[in-house]
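Participant: Here you go, one structure.
The values are calculated or read from the model by the stated rules, or taken from the named source; none is laboratory data. Not measured: the values here are computed from a predicted model. Neighbour counts are summed over all protein chains in view; Cβ atoms, including those assigned to glycine, are modelled from backbone coordinates with ideal geometry. Just the protein is used for accessible areas: all its heavy atoms, side chains included, with ligands, DNA and RNA removed. Shrake-Rupley method; radii C 1.70, N 1.55, O 1.52, S 1.80 Å.
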Amino acid sequence: MTRPIVHSDAPLTLVGGGVTGAHDLGESLALAPRLVGADGGGDVALAAGYRPEAVIGDLDSLSQEARDTLGPAVHRIAEQETTDFDKALRSIAAPVVIAVGMTGGRFDHDLAALNVLVRHAQRRCVLLGSESLVFLAPPELPLPLDASETVSLFPMGPCRAESEGLLWPLGGLELSPWGRVATSNSATGPVTVRVDGPRLLVILGRSRLREVVEALSGPGPRWD
């Protein structure tokens, strides 16, 4: 396992070099005030007026100006087998990471980002997109949702899940990416999802970022 470069006892923001909305960083930093960049995310942070405490990646996207500005805060991981998001996330030890600028551009980048969530299930991470957010479900997840809110669940591998508070209960259904999925479900009130393995993605409206960060920061069971 990679030895962490950054340790935090509180939620942390990780910014990449992809698509970011005008208020994405500010919204994330309000909940997770420590900031790390993933390669070109260092330039994104500086351009927005923020100085990341570390930038992690293979550094093929980080400008020389940013390298000069940040100096020893820049950490190069030279291997080319994984993405910069992967390199950065596995190098951070924090209760929850909010990842900004990892989605919203090319589909292959989006798929790679979802792969990272599953590859590093022990690192709780929320991908913040323009309209929604996505994260890997822990073994048990309670969420204070309202009736009629859309709740989408997508399996990245075979798993069984149960639920309370969904219009169409999961009831121990076997889910898989080549079989049954559970997108476009609807809450009837507070929702609890239980899953037997680290493979189920949860997709919610981005207005629920605070509640998701609080739920993932809680004392509930985690994947090893």
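Participant: Within the stretch 46-55, track down each residue that is among the small types (Gly, Ala, Ser) and either within 15 Å of residue 68 (Cβ to Cβ) or open to solvent by 10 Å² or more (accessible area, probe 1.4 Å) (or both).
Facilitator: If the condition is that a residue be among the small types (Gly, Ala, Ser) and either within 15 Å of residue 68 (Cβ to Cβ) or open to solvent by 10 Å² or more (accessible area, probe 1.4 Å) (or both), then 47, 48, 49 are the ones that fit.
Participant: Which of the following residues is of a type in the set (A, V, I, L, M, F, W, C) and open to solvent by less than 70 Å² (accessible area, probe 1.4 Å): 133, 167, 111?
Facilitator: Step by step, each of 133, 167, 111 is checked, and only 133 is of a type in the set (A, V, I, L, M, F, W, C) and open to solvent by less than 70 Å² (accessible area, probe 1.4 Å).
Participant: How many residues are out of contact with any strand residue (DSSP E or B) (no Cβ under 9 Å at 6 or more places or on another chain) and acidic (Asp, Glu) if we restrict to the stretch 189-224?
Facilitator: Total meeting the criteria: 2.
Participant: So, one more: Please name all residue pairs, on different chains or six or more residues apart, with Cβ atoms under 6 Å, provided the first residue is in the stretch 9-20 and is of a type in the set (A, V, I, L, M, F, W, C) and the second residue is assigned to a loop (DSSP other than H, G, I, E, B).
Facilitator: Between residues of the stretch 9-20 that are of a type in the set (A, V, I, L, M, F, W, C) and residues that are assigned to a loop (DSSP other than H, G, I, E, B), the close pairs are 12/32; 12/94; 15/101; 19/104; 19/105.
Participant: Still on this structure, I have one more. Please work out if residue 43 is of a type in the set (Asp, Glu) and open to solvent by 10 Å² or more (accessible area, probe 1.4 Å).
Facilitator: In short, yes.
Participant: Now, a different point. Looking at the stretch 25-40 only, could you name the residues that are in contact with a Ser or Thr (Cβ under 9 Å, 6 or more places away or on another chain), open to solvent by less than 10 Å² (accessible area, probe 1.4 Å) and within 14 Å of residue 84 (Cα to Cα)?
Facilitator: Once the filter is applied, which keeps residues that are in contact with a Ser or Thr (Cβ under 9 Å, 6 or more places away or on another chain), open to solvent by less than 10 Å² (accessible area, probe 1.4 Å) and within 14 Å of residue 84 (Cα to Cα), the stretch 25-40 yields 36, 38, 39.
Participant: Working only within the stretch 59-77, note down all residues that are part of a helix (DSSP H, G or I), of a type outside the set (S, T, N, Q) and open to solvent by 60 Å² or more (accessible area, probe 1.4 Å).
Facilitator: Once the filter is applied, which keeps residues that are part of a helix (DSSP H, G or I), of a type outside the set (S, T, N, Q) and open to solvent by 60 Å² or more (accessible area, probe 1.4 Å), the stretch 59-77 yields 65, 67, 68, 72.
Participant: Looking at the stretch 196-205, is at least one residue among the hydrophobic types (A, V, I, L, M, F, W, C), out of contact with any Phe, Trp or Tyr (no Cβ under 9 Å at 6 or more places or on another chain) and either open to solvent by 10 Å² or more (accessible area, probe 1.4 Å) or at pLDDT below 95 (or both)?
Facilitator: no
Participant: Something else now. Name the single residue that is farthest from residue 213 (Cα to Cα) among those in the stretch 11-24 being at pLDDT 95 or above and either open to solvent by 10 Å² or more (accessible area, probe 1.4 Å) or among the hydroxyl-bearing types (Ser, Thr, Tyr) (or both).
Facilitator: 13
Participant: Could you please find all residues in the stretch 178-191 being surrounded by 13 or more Cβ atoms within 10 Å (Cβ to Cβ) and either in contact with a Gly (Cβ under 9 Å, 6 or more places away or on another chain) or among the hydrophobic types (A, V, I, L, M, F, W, C) (or both)?
Facilitator: Correct list: 181, 182, 187, 188, 189, 190, 191.
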